[in-house]
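To start, the structure itself, in structure tokens.
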Amino acid sequence: MQTDSSFTFVLFGGTGDLSMRKILPALYEAHRAGMLAAGGKIVAVARHEEDRASYLQWVNEHVKAHVAKSGVDENAWASFVDRIEYVKLDLGRAEDFVKLRDALQDHSGTRVFYLATGPSLFVPICHALASVGLNENARIVLEKPLGYDLRSSNAINDAVGEIFSEEQIYRIDHYLGKEPVQNLLALRFGNALFEPLWRREWVESIQITIAEELGVEARGDFYDNTGALRDMVQNHLLQLLSIVAMEPPHSMDSDSVRDEKLRVLRALKPIDPRDISKVAVRGQYHAGVIRGTSVPAYATEPGVKPDSTTETFVALKVEIENWRWAGVPFFLRTGKRLADRVAEIVVNFRAVPHSALGASALRAGANRLVIRLQPNETIRLYCLAKKPGEGMNLSSVHLDLAFDQFFKEGQMEAYQRLLLDVINGRLALFVRRDEQEAAWKWVEPILNEWAASGKPKPYAAGTWGPAAASAMLAQHGTCWLEEEN
Ligand code: BG6
């Protein structure tokens with residue numbers, strides 16, 4: 001589907017890492033697929049490049065390499081580049097915003113301002129846009145991290161909210177744009193099969209893992225001031241949790257979905273600071289080996305303080321205080337430099353209440369649904385079956401659904417979907433302010449406690465994190481479940 005009408009997509013941070021790796025490649029893909037309206041323009045804004053010619057040279061040198069696994073279609077690339085304009089702008093100079101306004105004067109259609117900059121620039125940019133009237137009828141896209149804690153995120157939201165209304169604000173959490181996350185909604189609300197079982201009576205526990213093999217790459221400085229709780233839990237993991245646990249929405253319109261997610265976030269059992277060591281584990285990777293290659297310790301990565309106490313791993317036990325989920329533990333985990341790159345949701349169903357088939361049928365975990373989001377999107381349902389031969393011996397078997405075997409179309413990248421949604425004015429996959437607030441509120445006691453005392457437990461790179469994360473689950477008679485790739 002093509003974008004509704006003409007548009008102007010103004011990209012602040014036009015020479016930044018995110019523009020290079022994600023935003024411009026996603027716009028190129030949408031263009032190549034014929035999904036961008038013909039008159040749509042991209043206006044890149046940055047300080048470093050002198051003029052359009054030098055900006056396009058930068059785009060050719062840096063963006064092309066990040067475009068499509070299938071390679072670049074030179075014709076499509078040339079017509080994509082034709083859409084790009086450039087405005088050299090120094091954020092501190094009011095007259096540069098006048099220049100920007102003049103440059104946008106003849107552009108018709110939807111206007112989008114994408115702030116691919118650090119959060120400290122969000123408010124100054126919004127003020128400067130408003131000072132030249134560019135906030136009117138425009139949409140603004142804010143990248144994470146939006147703030148550092150509840151207070152700073154509220155401060156940004158308050159200030160931006162004075163200039164743009166909530167309907168104009170698109171807060172990105174790229175996990176919401178991933179095809180498999182969309183599929184989770186389809187699985188839950190498009191099938192009658194799972195819904196009756198999706199509750200405390202039948203579910204014993206749920207695990208959600210986002211594991212990465214990568215370390216902090218070139219972002220040591222940023223990461224060391226952020227840590228895994230802010231970088232991954234407050235946003236991606238809590239968003240996934242809210243989709244797994246939400247009530248069926250009345251429709252898929254943006255507020256119906258976001259209202260239900262919000263109810264989950266508000267029902268998260270508050271964490272008592274005295275219990276933090278029982279329900280939260282933090283770790284930091286030491287040197288180790290990943291797929292046969294030695295990797296250095298976090299504390300020796302460029303930009304990281306040698307005595308850093310920043311966590312690169314988090315495991316949590318979360319409870320939801322509502323009728324559907326009371327008493328069901330949700331175990332969340334994320335980390336850098338783990339044994340594998342995988343994002344997965346595991347729903348563990350209860351054992352049968354009585355087994356006529358002998359003790360082996362009372363096995364916990366006999367029925368489990370594993371929803372793999374990445375790298376290969378699959379859904380696997382574990383059941384018990386009789387082993388061939390004499391006697392009634394049960395064995396675990398599974399039904400597999402591999403999406404790439406069913407659908408020949410390749411998956412759309414998260415950023416591509418989200419950027420098209422912004423241009424088309426669809427807010428459902430963006431985080432509403434109240435959701436964000438509820439998530440910060442919930443993580444804050446952990447942030448405070450960790451800042452005040454103790455330090456992360458070490459784990460070797462290439463493993464599944466500190467032993468304490470496994471011990472936390474053992475207390476509940478379960479363990480982390482890692483699927484074979
Ligand atoms: C980002 C985090 O939001 O998500 C990164 O800032 C992390 O630290 C990334 O690596 C993971 O995203 P994905 O899509 O690669 O799983």
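The values are calculated or read from the model by the stated rules, or taken from the named source; none is laboratory data. The structure presented is a predicted model; accordingly, all values stated were derived computationally and were not measured. Reconstructed Cβ throughout: ideal geometry from the backbone, glycine too, with neighbour counts over all protein chains shown. SASA here: full protein model, heavy atoms, side chains in, ligands and nucleic acids out. Shrake-Rupley method; radii C 1.70, N 1.55, O 1.52, S 1.80 Å.
Below is a table of values for the structure above.
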| quantity | calculated |
| --- | --- |
| Relative contact order (%) - criterion: Cα under 8 Å, at least six apart; region: the range 57-176 | 21 percent |
| Segment Arg426-Ala468, extension gain: residue separation times 0.36 nm, minus the distance between their alpha carbons | 10.9 nm |
| Fraction of antiparallel bridges per DSSP, the chain only, in percent to nearest 5 | 55 percent |
| Tilt relative to the chain, helix 94-104 - C-alpha long axis, 0 to 90 degrees, to 10 | 90 degrees |
| Dipole magnitude of the range 249-336 about its Cα centre (Cβ charges: Lys, Arg +1; Asp, Glu -1), debye to nearest 20 | 220 debye |
| At R0 = 51 Å, FRET efficiency that the Cβ-Cβ distance of Val397 and Ala451 yields, to 0.05 | 0.60 |
| Nearest-0.05 FRET efficiency for Ser54 and Asp307, computed from C-beta distance (R0 45 Å) | 0.60 |
| Relative contact order (percent, whole number), the chain, Cα cutoff 8 Å, 6+ residue spacing | 18 percent |
| Dipole of the chain [Lys/Arg +1, Asp/Glu -1 at C-beta], most positive-end residue of Thr110, Met20, Ala471 | Ala471 |
| The range 103-262, accessible area per residue, ligands and nucleic acids excluded (1.4 Å, Å²) | 37 Å² |
| Dipole magnitude of the range 171-218 about its Cα centre (Cβ charges: Lys, Arg +1; Asp, Glu -1), debye to nearest 20 | 300 debye |
| Mean accessible surface per residue for the range 424-463, computed with a 1.4 Å probe while every protein chain stays in place, in Å² | 41 Å² |
| Nearby aspartates and glutamates by direct alpha-carbon distance to Lys64 (threshold 14 angstrom, same-chain neighbours under 8 apart not counted) | Asp17, Glu29, Asp73, Glu74 |
| Greater than 30 Å apart at Cα, pairs in Lys144/Lys336; Lys22/Lys317; Lys178/Lys387 | Lys22/Lys317; Lys178/Lys387 |
| Estimated inter-spin distance, Glu167 and Phe194, nm [label 7 Å along Cα→Cβ] | 3.3 nm |
| Mean Cα-pair separation over length for the range 141-267, i.e. relative contact order, pairs under 8 Å, 6 or more apart, % | 23 percent |
| Solvent accessible area, Å² - His62, 1.4 Å probe, full protein context | 70 Å² |
| In Hz, Karplus ³J(HN,Hα) per residue of the range 29-40 (6.51, -1.76, 1.60; θ = phi - 60°; x = Gly, Pro) | 4, 5, 5, 4, 7, x, 9, 9, 4, 3, x, x |
| Where labels lie 7 Å past Cα in the beta-carbon direction, separation of His66 and Ala155 in nm | 2.9 nm |
| Added length on full extension, which subtracts the Cα-Cα distance from 0.36 nm per residue, Asn75 to Arg93 | 2.7 nm |
| Theoretical FRET efficiency, 1/(1+(r/R0)^6), r = Cβ-Cβ of Glu136 and Glu390, R0 56 Å, to 0.05 | 0.10 |
| Accessible-area composition of the chain, carbon plus sulfur, in percent [1.4 Å probe] | 52 percent |
| Accessible area (Å², 1.4 Å probe, nearest 10) - His398 | 80 Å² |
| Simple label model, 7 Å out from Cα along Cβ direction - Ser256 to Asn322, nm | 1.6 nm |
| Solvent-accessible area of Lys441 with every protein chain in place, 1.4 Å probe, in Å² to the nearest 10 | 120 Å² |
| Net dipole in debye of the chain [+1 Lys, Arg Cβ; -1 Asp, Glu Cβ; about Cα centre; nearest 20] | 1220 debye |
| Residue-span extension gain [Ala33 to Glu409] - 0.36 nm each, minus C-alpha spacing | 134.2 nm |
| Exposure ranking of Cys479, Cys383 by accessible area [1.4 Å probe, largest first] | Cys479, Cys383 |
| Most to least packed among 323-332, 212-221 [average Cβ atoms within 10 Å] | 323-332, 212-221 |
| Helix axis angle, 179-190 relative to the chain longest principal axis, alpha carbon, degrees | 60 degrees |
| Anisotropy class of the range 332-485 from Cα gyration tensor, a/c 1.5 cut | oblate |
